[in-house]
Each structure stands twice: as C-alpha cells, then as structure tokens.
Amino acid sequence: MSTKPAANIHPPMTQFSKFAWGLLAYSLATVAWGVYVRASKSGDGCGSHWPLCDGDSTPLMGTVARAVELSHRITTSLVGVFAIILLVWATKKFEKGHLARTASIAVLALTISEGLIGAELVTFKWVTVNESAGRALVMSFHVISTFFLLGAIAVTALAGMGFDKVKLKGQGAVAWMVTVGALCMMLLGVSGAISALGHQLHPTDNVIAEAARPTAFWMVKLQPFHPLISITVGLYLCLVAGLMHHLRPSEMVRLSAKWMVVLYCAQLLLGLTNILLKAPFGVQMAHLVLADLNWVSLIALAVFTLSDGVEHVEVRPAPDCVETPEKLEGRALINAYIALTKPRVISLLLFTTLTAMVAAKGGWPGTWLFFAVAVGGYMAAGAANAINMVIDRDIDLSMKRTASRPTVTQSIPSTHALAFALLMAMGSFILLSVSGGLLSALMAMSGLVFYVVIYTMFLKRRTWHNIVIGGAAGAFPPLVGWAAVTKDLPLLSIYLFAIIFVWTPVHFWALALLLKDDYAAAGVPMLPVVKGERNTVLQIGAYAIVTTIVSLMPYLLPKVGYVYLVAAIGLNGLLLYYCAELIRDTNRPKASRLFHYSMLYLALLFLALAIDRTVVMS
C-alpha cells in the first residue's frame with residue numbers, strides 16, 4: 001500500500017497527506033481563535049449551555065461575546081467532521097495496522113476529547129473571570145490534549161507520505177531523548193497556559209514584584225517560572241537536535257531538527273514581545289500557534305529518527321579499533337564509567353563552582369546546599385564530557401592520550417555511554433532545581449549544551465576559533481554556584497564568567513602546544529596546527545593581558561577588598577611572566593609550566609575572592 005521514501009530527498013506528497021496537512025493548518029487556526037475567546041473573556045457568551053447556545057439554535061443575533069463563542073464551537077466542530085473524513089479515507093487507502101489508520105483513529109478520539117474538555121469548561125462555568133484551581137487543571141489537560149491531537153494529525157500526514165514504520169523498541173537513548181523532549185514541551189505548554197490565565201485574571205505591570213508578594217494570587221506567583229522553563233526546554237531541544245543530527249544523519253532529520261530550533265527561537269522572541277507589549281490578543285494567538293508548530297516539528301523529528309523509512313545509523317561509528325571489545329565487570333566497569341566523566345577536567349570547574357558559592361554568601365553557604373551543588377555540578381559536567389566522548393570517538397582513536405577511552409575501545413558501548421550521560425544530565429537538573437533553584441539548574445544546562453552543541457559539534461572540527469568561543473562552556477560553573485546561593489546573577493558573578501572565558505585560551509593553547517602532533521594527526525584545527533607555534537604564543541600573550549585586566553575589575557565593585565586585589569596582582573604577575581618566557585623561547589617545558597600554572601592561577605584567584613568576600617561581609 002505504501003512505499004518508503006528514498007533517503008536524503010523530499011518524500012512525495014499524496015492527496016491523503018495534503019488533506020491531513022490541511023487539517024493540521026485548520027486546527028491551528030481554531031487554536032488561535034480559542035485563544036481570542038479566552039483572552040477576550042467571551043467564554044461565557046453561550047452561558048453554561050453546550051453544545052447549543054442558551055438552548056437557542058440561532059444565537060448569532062445575540063451579543064458579540066455570544067457570536068464569538070458560537071463561532072468557536074462551529075469551527076471546532078468542523079475539526080470533528082474533517083477527522084471523520086480522514087479516518088474513512090485512511091481506512092479505505094491503507095491496510096489494517098498501517099500507522100496512518102492508527103493515527104487517524106487517534107485524531108478522531110482526541111477531537112472528541114477536546115470537545116468534552118470544552119464542554120466541561122462551559123458547564124462548570126470555568127470561563128472569563130473564574131479563577132478556580134479546577135479551571136487551571138482542566139486548561140492544562142486542554143493544552144496537552146491539543147498537543148496530542150496536532151501530533152496525531154502530523155503523524156497521519158507523515159505516515160501517508162511513507163513514514164509508516166516507526167518503532168520505539170530497540171532505539172536506545174534516541175527514543176528516550178525524544179520522549180523527554182515531548183514531556184518537557186508539555187510541561188512548558190502547561191506553564192504557559194497557567195501564566196496566560198494568571199495575566200488575564202490579575203494583570204500587572206511588574207510580574208516579578210507582584211509574584212514576590214506573599215499575598216499574590218497563586219497563578220501570578222508561578223508566572224516568572226514560565227520564561228525560565230522556556231529557556232531550559234529550548235536548551236534541551238537544541239541538545240536533542242544536535243544529537244539527532246549526529247546519531248541519525250539524514251536529510252529529513254537535518255531539516256526537521258533545523259526547523260525545530262528555528263521555530264523555538266522565534267517562539268522565544270515572540271514570548272518576549274508578548275511580555276513587553278503586555279500580552280495583546282494578536283501576539284498571544286501567534287505565540288500559542290508557534291508553540292503548537294514547535295510541537296509538530298518535534299513530532300516530525302521523532303518520526304524521522306525512529307522510522308525505518310529513512311536511512312540512518314544507530315550511532316555514527318568510529319573506525320574499528322579492537323576486534324573484540326573488552327568486557328568489564330565490577331569495579332573495572334565502575335571505573336570506566338567514572339572515566340567517561342573526565343574527573344580530572346571537572347575538578348577545576350567544580351572548584352570554581354564551590355568557591356563562587358562561598359563568595360556569593362560571604363561565608364559558608366550551608367552543608368546541604370554545598371554538597372548538592374557539588375554533586376549536581378559534577379553530574380552536569382560529567383554528562384557533557386560523556387556525550388563529547390561519544391561524538392569524538394573517531395578523533396580520540398587518532399590521538400595517543402585518548403585512544404584508550406572506554407568509548408574508543410567500546411568497553412562501554414556508545415549507546416550505553418549516551419544513556420548514562422542523559423541520566424546524569426536529568427539527575428543534575430533535578431538535583432540543582434530542588435537544592436539551588438531553577439536558575440542554577442538552567443546555568444548548568446546552558447554549560448552542557450554549549451559544550452556539546454556549540455563547541456563539540458559545530459566549532460571543534462571547523463575553526464581554530466573553537467576554543468575561544470567554546471571556552472564559554474567552562475565559564476558557566478561559577479554562575480551555577482552563585483545562582484544556587486542568591487537566586488540571581490549580579491555583576492560580580494558575570495565578571496567570574498568573563499575571567500574564565502578570557503583565561504581559557506591561555507590555558508588551553510598552552511596544552512595544545514604540547515599536543516600539536518596529536519591534533520594534527522586527528523585533523524583538529526587547533527591554533528598551533530593551523531597558524532603555527534609563534535602565532536599561538538603571541539595569542540596566548542594577548543589573552544593573558546586581557547585576563548589580567550578582567551580579573552582586576554571585580555575590585556571596582558562593592559564588597560570586594562584588598563585580599564582579592566593583592567592576590568590578583570601577584571597571580572597575574574606570575575601569569576604574565578610565564579607567558580613572556582614562552583614567547584621568548586617556545587619549547588615544551590615552558591609550555592608545560594604555563595599550562596600547569598594556569599590551573600593553579602584560576603583556583604587561587606577564585607579562592608582569594610571567596611576568602612576576601614568572607615572577610616569583607618563578616
């Protein structure tokens with residue numbers, strides 16, 4: 001009955017799939033009109049009667065609210081008519097068990113469910129100015145039900161185009177990533193519905209200030225969380241898009257991943273516009289339609305990555321390095337999983353996190369918080385490193401210092417390493433959210449996504465600027481610690497981010513001088529390979545000067561004293577001395593000396609700030 005589309009080309013559009021896509025477009029229009037009904041407080045235009053309007057079959061002669069509400073009922077009823085046509089068509093066109101038939105059944109069932117939810121809102125008078133928890137709960141179900149309906153229509157259309165062999169079994173971490181992404185988007189949709197309802201019932205010019213009041217309405221108190229959730233979900237979707245493109249390379253996966261990210265960015269901008277303009281009706285309508293389109297793009301990505309109709313591989317393989325992977329058990333296996341996290345690399349990052357906590361508090365931040373952020377921060381960085389090992393197996397095989405990594409020898413299969421990394425990432429986000437707050441967890445997620453997607457996937461193999469831009473990933477840890485203590489990010493915390501950002505080229509290029517041959521063999525365009533050693537040491541010197549300037553700037557802020565100033569002057573003096581020595585004579589011992597001192601420099605600088613703030617604020 002159906003044919004598989006060839007890989008890497010656009011699949012044919014059948015008449016059936018055109019009808020399904022048309023139904024999707026019409027459904028989005030009804031969603032937009034539903035937003036207008038709610039925002040204009042026309043939901044009680046027909047009183048508590050359903051499906052007729054006050055028992056009158058010709059209500060259009062009534063009030064504007066009455067006409068608006070009835071028009072919404074008529075347009076949504078037509079969705080049911082089209083859903084019946086879709087099901088009949090699918091039953092005649094496709095064999096029993098075909099995904100298009102199954103999905104079209106779901107479309108009709110979910111359309112009926114949507115109507116029943118609307119009826120419940122009307123009959124219980126959960127409309128206009130009603131501010132009951134019941135209304136918020138039913139509206140949340142309404143959002144999720146709409147997502148499922150639109151997703152079912154999209155799956156029906158895609159199945160009609162030949163993508164009908166979707167399976168979850170045996171998909172490993174890929175299926176879990178898509179599932180978590182769907183759950184995150186549903187959570188975001190619910191938070192958006194509650195935020196919009198809260199604004200409608202209790203409009204305010206300053207949501208943050210109003211939400212902070214103890215007597216504020218509970219929906220208003222939840223409103224500030226929606227933007228944070230939006231950014232968090234967006235970061236996760238970027239991670240999913242990057243990994244899907246890497247693990248399941250095909251043209252359709254690439255396009256759907258690209259559109260998912262583009263639509264989400266547009267949705268974030270429209271959300272910001274909605275806030276700045278005080279939520280006008282038109283922007284609210286467009287914002288929700290974009291959210292639904294973004295959901296559809298995720299469903300399309302899921303279909304393409306989990307479908308046998310697109311040629312792809314489970315995980316992009318590295319060249320064979322061993323005939324039979326070593327099977328590890330017990331302590332050896334545990335050590336291998338620990339090695340995935342790169343504990344030696346994490347130790348310095350974690351130190352900046354914890355000293356930033358002390359600096360933020362001006363003393364001991366509390367044992368539980370200190371421990372929780374330490375574990376959560378380690379898990380986030382460890383997850384990023386493990387994903388990096390999966391992606392860079394081919395490079396790691398070509399380099400002596402990385403050729404024995406578990407992902408290269410396959411003592412830990414890449415699918416297991418990826419699943420381990422995702423569990424670590426989710427565990428980190430939950431732990432940091434509970435202990436340090438959503439902002440702290442968001443900063444950790446930002447560092448993870450920046451390292452995996454921006455640095456590893458897009459920069460590392462393309463340009464020698466990789467470490468300059470990618471160094472931002474290692475600058476997030478102090479923001480994680482600071483936000484966990486204060487729940488905000490003042491200027492001093494931004495300076496800590498900037499210090500690590502400009503310090504990273506000095507630190508890493510010194511190491512790159514030592515590993516120049518390894519990077520050349522692996523084809524990685526690090527600065528010493530592309531521009532030569534002389535250019536590299538001059539760049540190191542330039543960034544050392546910038547690091548010195550930036551590291552002295554915190555002293556200009558209040559509550560930073562002489563302890564930090566004296567330490568910063570001394571530490572930067574040594575840093576500039578070692579850089580000057582390397583510029584005068586570029587050799588391995590001096591590059592090694594600078595590399596090792598740069599780690600000590602950063603640790604002592606952050607320790608000095610923690611001590612200084614404790615003294616000043618005590």
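The values are calculated or read from the model by the stated rules, or taken from the named source; none is laboratory data. This is a predicted model, so every value here is computed, not measured. When we count neighbours, we look across all protein chains shown, and the Cβ atoms used for this are built from the backbone with ideal geometry, even at glycine. Areas reflect the complete protein model, heavy atoms only, side chains present, ligands, DNA and RNA absent. Shrake-Rupley method; radii C 1.70, N 1.55, O 1.52, S 1.80 Å.
Search region 358-377 for residues that are closer than 23 Å to Ser446 by Cα and part of a helix (DSSP H, G or I) and pair each with any residue that is hydroxyl-bearing (Ser, Thr, Tyr) and open to solvent by 10 Å² or more (accessible area, probe 1.4 Å) when their beta-carbon atoms are under 6 Å apart and the residues are at least 6 apart or on different chains.
Note: pairs meeting the criteria are Ala360/Thr486; Leu369/Ser435; Ala372/Ser435.
Give Tyr264, Tyr236 a once-over and let me know the one that is touching a residue at least 12 places away in the same chain (Cβ under 8 Å), assigned to a helix (DSSP H, G or I) and closer than 22 Å to Val390 by Cα. Break it down stepwise before answering.
On the way: Tyr264 fails: closer than 22 Å to Val390 by Cα.
Testing whether each residue is touching a residue at least 12 places away in the same chain (Cβ under 8 Å), assigned to a helix (DSSP H, G or I) and closer than 22 Å to Val390 by Cα leaves just Tyr236.
Condition first: modelled with pLDDT under 90, among the hydroxyl-bearing types (Ser, Thr, Tyr) and surrounded by 14 or more Cβ atoms within 10 Å (Cβ to Cβ). Now tell me which residues in region 109-139 satisfy that.
Answer for region 109-139, where residues must be modelled with pLDDT under 90, among the hydroxyl-bearing types (Ser, Thr, Tyr) and surrounded by 14 or more Cβ atoms within 10 Å (Cβ to Cβ): just Thr128.
Condition first: without any contact (Cβ under 8 Å) to a residue 24 or more places away in the chain and either under 19 Å from Leu276 (Cβ atoms) or open to solvent by less than 30 Å² (accessible area, probe 1.4 Å) (or both). Now tell me which residues in region 211-226 satisfy that.
Once the filter is applied, which keeps residues that are without any contact (Cβ under 8 Å) to a residue 24 or more places away in the chain and either under 19 Å from Leu276 (Cβ atoms) or open to solvent by less than 30 Å² (accessible area, probe 1.4 Å) (or both), region 211-226 yields Ala211, Ala216, Val220, Pro224.
State whether one or more residues within region 334-355 are of a type in the set (Gly, Ala, Ser), at pLDDT below 95 and either open to solvent by 60 Å² or more (accessible area, probe 1.4 Å) or assigned to a loop (DSSP other than H, G, I, E, B) (or both). If you could, list the steps in order and put the result at the bottom.
We begin by selecting, within region 334-355, every residue of a type in the set (Gly, Ala, Ser); these are 336, 339, 347.
So of that shortlist, the ones also at pLDDT below 95 come out as 336, 339, 347.
This time we only want the ones that are either open to solvent by 60 Å² or more (accessible area, probe 1.4 Å) or assigned to a loop (DSSP other than H, G, I, E, B) (or both), so: 347.
Yes, region 334-355 has at least one match.
Kindly indicate which of Gly470, Gly437, Gly447 is within 30 Å of Gly362 (Cβ to Cβ), open to solvent by less than 20 Å² (accessible area, probe 1.4 Å), small (Gly, Ala, Ser) and in contact with a Lys or Arg (Cβ under 8 Å, 6 or more places away or on another chain). Walk me through it before giving the result.
Numbers: Gly470 fails: within 30 Å of Gly362 (Cβ to Cβ); Gly447 fails: in contact with a Lys or Arg (Cβ under 8 Å, 6 or more places away or on another chain).
One residue alone meets the criteria, Gly437.
Can you name every residue in region 61-103 that is more than 26 Å from Gln15 (Cβ to Cβ) and among the charged types (D, E, K, R)?
Those that are more than 26 Å from Gln15 (Cβ to Cβ) and among the charged types (D, E, K, R): Arg66, Glu69, Arg73.
Filter region 122-143 for residues that are assigned to a loop (DSSP other than H, G, I, E, B) and of a type outside the set (Ser, Thr, Tyr); which is nearest to Glu69 (Cα to Cα)? Explain how you work it out, then say what you get.
Within region 122-143, the subset assigned to a loop (DSSP other than H, G, I, E, B) is 124-132.
Adding the requirement that they be of a type outside the set (Ser, Thr, Tyr) leaves 124-127, 129-131.
Values: Phe124: 16, Lys125: 13, Trp126: 14, Val127: 11, Val129: 15, Asn130: 16, Glu131: 19 Å.
My answer is Val127.
List the residue pairs whose Cβ atoms are under 8 Å apart, where the first residue sits in region 325-347 and is closer than 15 Å to Gln410 by Cα and aliphatic (A, V, I, L, M), the second is part of a helix (DSSP H, G or I) and open to solvent by 40 Å² or more (accessible area, probe 1.4 Å), and the two are 6 or more positions apart or on different chains.
Between residues of region 325-347 that are closer than 15 Å to Gln410 by Cα and aliphatic (A, V, I, L, M) and residues that are part of a helix (DSSP H, G or I) and open to solvent by 40 Å² or more (accessible area, probe 1.4 Å), the close pairs are Leu340/Phe420.
Is it the case that region 389-396 has a residue that's closer than 30 Å to Pro490 by Cβ and modelled with pLDDT of 90 or more?
no
So which of Ile153, Ile229, Ile194, Ile208 is over 30 Å from Ala83 (Cβ atoms) and touching a residue at least 40 places away in the same chain (Cβ under 8 Å)?
Matching residue, one of Ile153, Ile229, Ile194, Ile208: Ile229.
Tell me which of these Ala266 doesn't satisfy, since it passes every other one: (1) under 19 Å from the mean Cα position of the chain (by Cα); (2) surrounded by fewer than 18 Cβ atoms within 10 Å (Cβ to Cβ); (3) modelled with pLDDT under 90.
Of everything listed in (1) under 19 Å from the mean Cα position of the chain (by Cα); (2) surrounded by fewer than 18 Cβ atoms within 10 Å (Cβ to Cβ); (3) modelled with pLDDT under 90, Ala266 misses just condition (3).
For region 568-618, what are the residues that are among the acidic types (Asp, Glu) and over 21 Å from Pro558 (Cβ atoms)?
Glu581, Asp585
Among the residues of region 144-169, which ones are surrounded by fewer than 21 Cβ atoms within 10 Å (Cβ to Cβ) and part of a helix (DSSP H, G or I)?
Ile144, Ser145, Phe148, listed by residue number.
Check off (1) assigned to a helix (DSSP H, G or I); (2) under 24 Å from the mean Cα position of the chain (by Cα); (3) modelled with pLDDT under 90 for Met185 and give me the number that stays unchecked.
Failed condition: (3).
Just to confirm my filter: which helices (runs of 4 or more DSSP H) fall fully inside region 518-618 and include at least 1 residues that are modelled with pLDDT of 95 or more?
533-552, 562-584, 588-617
Tyr455 passes all but one of (1) crowded, with 19+ Cβ neighbours inside 10 Å; (2) in contact (Cβ under 8 Å) with a residue 24 or more places away in the chain; (3) not acidic (Asp, Glu); which number fails?
Every condition holds for Tyr455 apart from (2).
Report, by residue number, each residue of region 276-286 that is touching a residue at least 60 places away in the same chain (Cβ under 8 Å) and either open to solvent by 40 Å² or more (accessible area, probe 1.4 Å) or part of a helix (DSSP H, G or I) (or both). Before the answer, list the steps.
Within region 276-286, the subset touching a residue at least 60 places away in the same chain (Cβ under 8 Å) is 278-279, 281, 284-286.
Hits for region 276-286 are Lys278, Phe281, Gln284, Met285, Ala286.
I need the full set of residues from region 407-426 which are within 26 Å of Met445 (Cβ to Cβ), open to solvent by 10 Å² or more (accessible area, probe 1.4 Å) and either in contact with a strand residue (DSSP E or B) (Cβ under 9 Å, 6 or more places away or on another chain) or part of a helix (DSSP H, G or I) (or both), in order please.
Filtering region 407-426 down to residues within 26 Å of Met445 (Cβ to Cβ) leaves 407, 412-426.
If we keep only those that are open to solvent by 10 Å² or more (accessible area, probe 1.4 Å) as well, we get 413, 415-416, 419-420, 422-426.
Across region 407-426, the qualifying residues are Thr415, His416, Ala419, Phe420, Leu422, Leu423, Met424, Ala425, Met426.
Residue-by-condition table, conditions (1) of a type in the set (A, V, I, L, M); (2) over 19 Å from Leu28 (Cα atoms); (3) out of contact with any Phe, Trp or Tyr (no Cβ under 7 Å at 6 or more places or on another chain):
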site	(1), (2), (3)
Ala100	yes, yes, no
Leu110	yes, no, no
Glu114	no, no, yes
Gly134	no, yes, no
Ser140	no, no, yes
Ile144	yes, no, yes
Phe148	no, no, yes
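Which of the residues belonging to region 381-406 are of a type in the set (Gly, Ala, Ser), open to solvent by 10 Å² or more (accessible area, probe 1.4 Å) and either in a helix (DSSP H, G or I) or touching a residue at least 60 places away in the same chain (Cβ under 8 Å) (or both)?
Ala381, Ser398, Ala403, listed by residue number.
Looking only at region 356-380, filter to residues that are farther than 26 Å from Ser411 by Cβ and under 21 Å from the mean Cα position of the chain (by Cα); which one of those is surrounded by the fewest Cβ atoms within 10 Å (Cβ to Cβ)?
Gly376
Could you run through region 554-608 and say how many residues are open to solvent by less than 10 Å² (accessible area, probe 1.4 Å) and of a type in the set (Ser, Thr, Tyr)?
3
Quick check on region 74-108: of everything there that is in contact (Cβ under 8 Å) with a residue 40 or more places away in the chain and under 20 Å from Val35 (Cβ atoms), which residue is surrounded by the most Cβ atoms within 10 Å (Cβ to Cβ)?
Out of the qualifying residues, it is Val79.
Return yes or no: is Lys487 of a type outside the set (Asp, Glu) and either out of contact with any Asp or Glu (no Cβ under 9 Å at 6 or more places or on another chain) or buried (at least 24 other Cβ atoms within 10 Å of the Cβ) (or both)?
So Lys487 fits the description; yes.
Identify, from the list Ser592, Ser618, the residue that is farther than 14 Å from Thr355 by Cβ and in contact with a Leu (Cβ under 9 Å, 6 or more places away or on another chain).
After ruling out the rest, the residue left standing is Ser592.
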